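Encoded as structure tokens, the structure appears first; notes follow it.
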Amino acid sequence: MGKSKARPNYSYKALTRGQEELLHAIDKNIITFVTGPAGTGKSLLSVARGLDYLFKKVDGFKVKRIILMRPAVECAGERLGSLPGDLEEKIAPYIFPLYDNLCQLIPKATVDQLMEEDKIHILPLAFMRGVTFRRAFVVVDEAQNCRVSQMKCILTRMDEHSKIVITGDLKQSDIHGDNGLTDAIGRLKGIKGIGIVRLGVEDIVRAGIIREIIAAYEREDKPSKRKTKK
């Protein structure tokens, strides 16, 4: 198989004001946190912007590889140990959403070629230890399922020629106790070079009905306003 083309054909654009803010924040900052509900394009836009930095210079900044990571968190009662297959087959469901985002932008054959050439890496967060991000565009997806220690590890593994985008939905954490995304946003806000973007229901572009579904769940989750009798 020959080397991949200099730049595959792909296109994308921000569809809401919040999405425009996200793209601007990625360009302006070294580290960008983006939170919001499902369907707001957090992951897809982050991956798409990573392709821009891989294939061309953006404001003089260019990377040599894209690294996409996700925590392999047990949910819905299913454990890694109980899933069939070897380790690669066990982790495949966790990294598939990131792979799928890439395939929405560029052909699957091109994605596979770029992975073979080590220009794109997709891995579970557990495999991060010992890794240094050099001239990389890093996207950490579903970061509401990162532990505080994991988030600290992520944020301290980059060189000065890298960018990190950390995405998550703060209302959808599958871990008990404090999560690394909430903790990091609280600790790091106000530091130069760190951007924080909060997308809302108005930024949902996946399907209009999702807005109504999320709104219905949020109404149900609000605490009762009824006063208790003394």
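Consider all pairwise Cα distances in segment 30-221 and report the whole-number % of them above 30 Å. Don't skip to the answer; put the middle values down first.
Working: 3441 of 18336 pairs.
Here the long-distance tail beyond 30 Å is 19 percent of all Cα pairs in segment 30-221.
Amide H neighbours of ILE67 under 5 Å, counting only residues 5+ apart in sequence or on other chains, H built in-plane at 1.01 Å?
HIS121, PHE137, VAL138, VAL139
Please tell me which of these pairs span more than 28 angstrom C-alpha to C-alpha: LYS62/LYS192; LYS119/LYS189; LYS56/LYS152; LYS13/LYS56; LYS57/LYS192; LYS13/LYS152? Before the final figure, lay out each step's value.
Details: LYS62/LYS192 21 Å; LYS119/LYS189 31 Å; LYS56/LYS152 30 Å; LYS13/LYS56 17 Å; LYS57/LYS192 22 Å; LYS13/LYS152 31 Å.
Flagged as over cut-off: LYS119/LYS189; LYS56/LYS152; LYS13/LYS152.
I'd like to compare 131-143, 154-166, 106-118: which one has the highest average count of other Cβ atoms within 10 Å, and what's the full order after that? Numbers along the way, then the final one.
Values: 131-143: 22.2, 154-166: 18.6, 106-118: 15.4.
Highest to lowest by the protection proxy: 131-143, 154-166, 106-118.
All of the numbers you see were taken from the coordinates with simple rules; none came from a lab. Remember, predicted model here, so these are calculated numbers, not experimental data. Please note: Cβ atoms are built from the backbone with ideal geometry, for glycine as well, and neighbour counts cover all protein chains shown.
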